[in-house]
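Remarks on the structure that follows.
The values are calculated or read from the model by the stated rules, or taken from the named source; none is laboratory data. Note that the structure is a prediction, hence the values are computed from the model and not measured. Note that we place each Cβ from the backbone using ideal geometry, even for glycine, and neighbour counts take in every protein chain shown. Note: areas computed on protein heavy atoms with side chains; ligands, DNA, RNA excluded. Shrake-Rupley method; radii C 1.70, N 1.55, O 1.52, S 1.80 Å.
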Amino acid sequence: GAAAILLRYLREQNRPHSAQDAFGNLQREHGLGKTAVVKALEQLTQQGKIKEKVYGKQKIYFPDQDHFPSASDSELKVLDNEISDLSCKVQTLQQSCCLMESELKELKGSMTTPEMVKEIEELKKDCANYTEKLERIKSAANHVTPEEKEKVYNEKKLYCREWRRRKRMATELLDAILEGYPKSKKQFFEEVGIETDEDFHVTLPPI
């Protein structure tokens, strides 16, 4: 019955289990339901074949250690060494998990490659618009008042600073992409269709 299956299982494992632990480990192989597992654990506890400890709202069950032979000093020393080794491994794994969680958090906060490419395209459009506007302003320079001319020059400085800032941003985004890109910078630009200022012999005008 369920009680015999649980008793054999707990003695083989010889470690604490909650009812949920036992149910999760035995349901597939033996088809035991949660209610049957709980009743069987309570029955075994009443019979004195297993022990029960209560931690808050949870009950933990483990086999009566009187059914097991006492360990010798040498066996206890071996077990202590195993526990020490496992503790070191657990600590190492916990540190690795913390590092991976930190990396995952950083990656989630970063832009994806498609997002970067889209941002670069937007920056290129903005730069083109600024260039066109600057050309119009230059061509009309002889038809403006000194006040308007001063305003235009101030706008030019603003646009050039923005152009330079956005170009730097685009360069940083591209550098971030290229760190994990297996091919060359030139091949990447060709594949995604990126055109630079240099391709059109465009340079930032002096401020």
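Annotations
- Note on the chain: helix-only mean residue ellipticity at 222 nm, from DSSP H runs of 4+ residues weighted -39500 (n - 2.57) and normalised by residue number, equals -23500 deg cm²/dmol.
- Karplus-derived 3J(HN,Hα), 6.51/-1.76/1.60, for each residue of region 169-179, Hz, glycine and proline x: 4, 4, 4, 5, 4, 5, 4, 5, 5, 5, 4
- Listed by chain and number, the lysines whose C-alpha is less than 26 Å from the C-alpha of residue 149, apart from same-chain residues fewer than 8 away, are 125, 133, 138, 157.
- Per atom type, region 1-104 shows carbon and sulfur on 52% of its accessible surface, probed at 1.4 Å.
- Dipole axis of region 1-148 (+1 Lys, Arg; -1 Asp, Glu on Cβ), positive-most option in 95, 71, 137: 71
- Ligands, DNA and RNA are left out, and with a 1.4 angstrom probe the accessible area of the chain is 74 Å² per residue.
- Residue order for 35, 145 - accessible surface, 1.4 angstrom probe, largest first: 35, 145
- For residue 167, the aspartates and glutamates whose Cα falls under 15 Å of its own Cα, not counting residues fewer than eight places away in the same chain, are 119, 121, 122, 126, 175, 195, 197, 198, 199.
- Put simply, the amide H of residue 51, placed in the peptide plane, has neighbours under 5 Å in 62, 64, leaving out anything fewer than 5 places away on its chain.
- Think of region 112-192 as a dipole: +1 on every Lys or Arg Cβ, -1 on every Asp or Glu Cβ, centred on the Cα centre; then among 160, 180, 128, 160 lies furthest on the positive end.
- Those lysines that a straight Cα-Cα span of less than 26 Å connects to residue 34, excepting residues fewer than 8 apart in one chain: 49, 51, 53, 57, 59
- One entry in (1) 76, 20, 17; (2) 25, 19, 18; (3) 52, 17, 14 is semi-axes √(5λ) of the Cα gyration tensor in Å calculated from the shown coordinates; its label is (1).
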